[in-house]
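Asks: Below you'll find the structure I mean.
The values are calculated or read from the model by the stated rules, or taken from the named source; none is laboratory data. These numbers come from a predicted model, not from an experiment. Cβ coordinates were reconstructed from backbone atoms using ideal geometry, including for glycine residues, and neighbour counts include every protein chain displayed.
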Amino acid sequence: MNKTFFSLRLCAGVAGAGAILALTGARAAGAPASDNSDAFPTFDSYIQISGQAPVISGDKASFDSHDGMPATGSGGIEAMEFSKDLSDVTTLTFNGHAMAGSDDYLGDLKLDVTNIGTAEVGFKDFRTFYDGVGGFFPETDTFEALGSQYLHVDRSSFWVNLKLAKPGLPVFTLSFHDDIRTGMKDSSEWAPVIAPNAVVTNGALVGTAAPSNTPEIGPNVMSIDEHHLYLEGGMVATIGKVTETLKGTLDWVNDDDGREYVKYPDSTVTADPTVVVDDDQEIRKAPSFRLLSQTKVPLSSLFTVEVGLTYFHLTSENGGYWITPTYSSTAKAIYNAETAADIYGGSRVDDYVGNIFLKYASKNKDWQADVGYRAEDNIIGSTGGFQTMSLSSTATTLAATNVTTAYDATYSHYNDHGATPEASIQYLGFKNLSLYASFDDQIIRGNQHWNNPYAPVSVSGTGVVTLTPTPLSDEFYQDANQTSEDAKVGVNWNPSSMFTVRAEVFHKDHQNQFVGSNDYVGTATFGDLFDTGYIYNGAKFTVIFRPDPKLTFTTRYQPQGGEMSVLAATKNGGNGFETTSGRTRIQEISETVDWTPYKQLYVEGNLNVVYNYIETAFPDVVVSTTTYVPSPIQNANNNYIVSSGLIGFVLDKSTDAQIRLSWQEADNYNPLIAAGGQPYGSGYLEQSATAGLKHKFSDHMIGDVKAGYLRTTDATTGYFTDYRGPLAYASLTLAF
């Protein structure tokens, strides 16, 4: 129904666009802004009609997802701009596009009245393509994909913006947005996959030759139906030297999302037949409102104070279910196990934020500094529950007498207080040199109290009702403390017209500490102290070198690195010790060359090389200290190279030509890891080449054609998602 409603709005918008075109009258009303007849003109009002036609062989769904366009092609109005002065003080503007095939539509109409305000109404609707692929298991050359790989999600939005801005009076604004997201997209999760050589003994699955029933990533689809309404009113008033900003926002969220996946895809084993799991159906309704006040007070010509206050309130209702078809080897039948059925819940959030900043600017503007403090308190409470059912392990039938139903309940309460001092400084007193630095330190102290879902009431198939008090082991009390320090120092230096240098170093230190019982209460409880965090350092360097006005080199280098750590202590095991859980090293090097040797020739080249290493396995993870056992997770190498080249040149005074090449590659995929774990790491190659012509037929008409070829391979999917082929594009731009 939401989609139908938006389609009606879309038709109305297209009709409005047609009315605008009818108003334009004679074509001469859109004369080009440029007087240079030898150059391509820039139009104030125009329409551009285009179409593109790929001829793809291979996995067309993968092409759709990767390149963001349908393999069947698309065409329509790529762009339309219109501007008309209705009077000396009133201007009407419109911009939009409508591309069939890719389902990409936009229409935005704006009326601007000088010294009065503006009114704007618009819509957009665009499609994102997804490929329903799960994973590839190299040990058995098994590729898992959904029955239909062609998935997409449509995102639609309708908005109205009003602004009243009369001189000498406060500025009032009112905005309304209606956003919709519907469709299906792919995802992936760990799922049991039966290898082709699985065997059954006495009705039970006992394993495969090699590996032994290794879980694989199975494909699943997310069904999305989300609706979001947004209404905001605001005012900005200046009274003397004081500027006051007030905003009020109402927000409504109404989501109904779900997920389905195939359990044991392609299985021929009767003990574990292929079934479809309707997993994690989530229904959420969440109205909220926000009030904001910002006050800016100049204390003198040097100092200004800014004060802000915000209050946010949200309530939500949640529902859904999780049904898992399960096979009973004793009953020799599949039954719908209620993993979590009839889910219900509600929550409330109250968040209070206040901040104050003192800003300094010297008379000559050489020194600029900000010192501020931000405080935040939030209270979150929720309650809920769900229903589960279990079948007796000895049941030989699916009769109701063999089923036990439990009604689980849960609740939680969180209270956090955060304080963040901030400071920044900038100095511009040196010639051709600017220095800057900033620091903030966020400190959050909170407490948490919750209980795990438990079954206060259970009913057996024989009608016996069991009441269960809340177990002590399900009660949790915990202090949650977080600290986040961020600092950076930078410099911009321009010693001459030939050189520009920019440099920045940064430091991040984030820690999350949980103190209290966060696991079952008892002598062997882990979690009396649990601390996670990371320390990260990095730098950014950019050098722009212009040895000649026609030649520019831009070099960038960004080294980054850090360590993640975990500290845990048992209730009876002392204070514990800190363990490094991961290390990361990243180096990014890029070079861009721009060269215009002649007025009629332009050349650009780009090269970007990235070395990205994340170490979360050996030597940080050791499965056994006595017997060699392969690490279950491989360290992640995410190295890749991206390059492109562009040559543009003038054929004659009415025709330009352009050639573009691109190439990128990653070679981090190691299928041998599949014997002991999931082989993470990218391995792909993407290549493309295009050539185009742009021709000015007249001062009111420009044509553009392009032709190219692309090729993409992906080792992580066993090359099952490769595609290649030519593609063509043509457009005609008309001024009116």
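Per-residue answers, yes or no, for (1) within 30 Å of Asp251 (Cβ to Cβ); (2) assigned to a loop (DSSP other than H, G, I, E, B); (3) in contact with a helix residue (DSSP H, G or I) (Cβ under 9 Å, 6 or more places away or on another chain); (4) modelled with pLDDT of 95 or more:
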| residue | (1), (2), (3), (4) |
| --- | --- |
| Tyr150 | no, no, yes, no |
| Arg155 | yes, no, no, yes |
| Ile180 | yes, no, yes, yes |
| Asp186 | yes, no, yes, no |
| Val200 | no, no, no, no |
| Val206 | no, no, no, no |
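Asks: Still on this structure, please answer the following. Of the conditions (1) surrounded by 16 or more Cβ atoms within 10 Å (Cβ to Cβ); (2) touching a residue at least 60 places away in the same chain (Cβ under 8 Å); (3) farther than 24 Å from Gly683 by Cα, Gln149 fails just one. Which one is it?
Replies: Status for Gln149: all satisfied but (3).
Asks: Could you list, in sequence order, all residues of the stretch 460-499 that are farther than 30 Å from Thr401 by Cβ, in a strand (DSSP E or B), out of contact with any Lys or Arg (no Cβ under 6 Å at 6 or more places or on another chain) and among the polar types (S, T, N, Q)?
Replies: Gln478, Gln482, Thr483, Ser484, Asn494, Ser496
Asks: A further question follows. Of everything in the stretch 93-141, what is in contact (Cβ under 8 Å) with a residue 60 or more places away in the chain, surrounded by fewer than 19 Cβ atoms within 10 Å (Cβ to Cβ) and more than 23 Å from Ser74 (Cβ to Cβ)? Give them in sequence order.
Replies: Pro138, Glu139, Asp141
Asks: Every residue in the stretch 327-347 that is over 22 Å from Asp257 (Cβ atoms) and surrounded by fewer than 17 Cβ atoms within 10 Å (Cβ to Cβ), please.
Replies: If the condition is that a residue be over 22 Å from Asp257 (Cβ atoms) and surrounded by fewer than 17 Cβ atoms within 10 Å (Cβ to Cβ), then Ser329, Thr330, Lys332, Ala333, Ile334 are the ones that fit.
Asks: Of all residues in the stretch 114-168 being more than 20 Å from His97 (Cα to Cα) and among the charged types (D, E, K, R), which is farthest from the chain's Cα centre (by Cα)?
Replies: Lys166
Asks: Which residues, taken from the stretch 129-183, are farther than 23 Å from Gly68 by Cβ and of a type in the set (D, E, K, R)?
Replies: Glu139, Asp141, Glu144, Lys163, Lys166, Asp178 - these are the residues of the stretch 129-183 that are farther than 23 Å from Gly68 by Cβ and of a type in the set (D, E, K, R).
Asks: Here is a follow-up. I'm trying to understand the selection: among the residues of the stretch 711-736, which are touching a Lys or Arg at 6+ places or on another chain (Cβ under 8 Å) and of a type in the set (Val, Ile, Thr)?
Replies: Within the stretch 711-736, just Thr712 meets the criteria.
Asks: Checking the condition modelled with pLDDT of 90 or more and either buried (at least 16 other Cβ atoms within 10 Å of the Cβ) or not assigned by TED's automatic domain parsing to the domain that holds Glu615 (or both), which residue from Gln687, Gln664 passes? Even if it seems obvious, please write down each step before you answer.
Replies: Details: Gln687 fails: either buried (at least 16 other Cβ atoms within 10 Å of the Cβ) or not assigned by TED's automatic domain parsing to the domain that holds Glu615 (or both).
Only one candidate passes the filter, namely Gln664.
Asks: Let me ask you something else. Being of a type outside the set (Gly, Ala, Ser), modelled with pLDDT of 95 or more and surrounded by fewer than 16 Cβ atoms within 10 Å (Cβ to Cβ) narrows it down to one residue among Thr72, Thr90; which is it?
Replies: Thr90
Asks: Please give the number of the condition Asp85 fails out of (1) more than 23 Å from the chain's Cα centre (by Cα); (2) surrounded by 16 or more Cβ atoms within 10 Å (Cβ to Cβ); (3) among the acidic types (Asp, Glu).
Replies: All conditions pass for Asp85, except number (2).
Asks: Do we find a residue being more than 30 Å from Ile379 (Cα to Cα) and surrounded by 16 or more Cβ atoms within 10 Å (Cβ to Cβ) anywhere in the stretch 461-471?
Replies: yes
Asks: Residues in the stretch 299-344 that are under 27 Å from the mean Cα position of the chain (by Cα) and within 27 Å of Gly384 (Cβ to Cβ): how many? Lay out the reasoning, then the answer.
Replies: Applying the first criterion (under 27 Å from the mean Cα position of the chain (by Cα)) to the stretch 299-344 yields 310-322.
Cutting the leftovers down to within 27 Å of Gly384 (Cβ to Cβ) gives us 311-322.
So the count comes out to 12.
Asks: When only residues in the stretch 399-441 that are touching a strand residue (DSSP E or B) at 6+ places or on another chain (Cβ under 6 Å), in contact (Cβ under 8 Å) with a residue 60 or more places away in the chain and surrounded by fewer than 15 Cβ atoms within 10 Å (Cβ to Cβ) count, which is nearest to Ser458 (Cα to Cα)?
Replies: Taking the candidates together, the pick is Leu433.
Asks: With respect to Arg711, is the statement that it is under 26 Å from Val55 (Cα atoms) and surrounded by 16 or more Cβ atoms within 10 Å (Cβ to Cβ) true?
Replies: Against the criterion (under 26 Å from Val55 (Cα atoms) and surrounded by 16 or more Cβ atoms within 10 Å (Cβ to Cβ)), Arg711 does not qualify.
Asks: Scan the stretch 291-310 and report the pairs whose first residue is not assigned by TED's automatic domain parsing to the domain that holds Leu358 and whose second residue is among the aromatic types (Phe, Trp, Tyr) and crowded, with 16+ Cβ neighbours inside 10 Å, with Cβ atoms within less than 6 Å and a gap of 6+ or a chain change.
Replies: Glu306/Phe357
Asks: Just one of Arg585, Arg546 is at pLDDT 95 or above and not assigned by TED's automatic domain parsing to the domain that holds Asn639; which is it?
Replies: Just one listed residue meets the conditions, Arg546.
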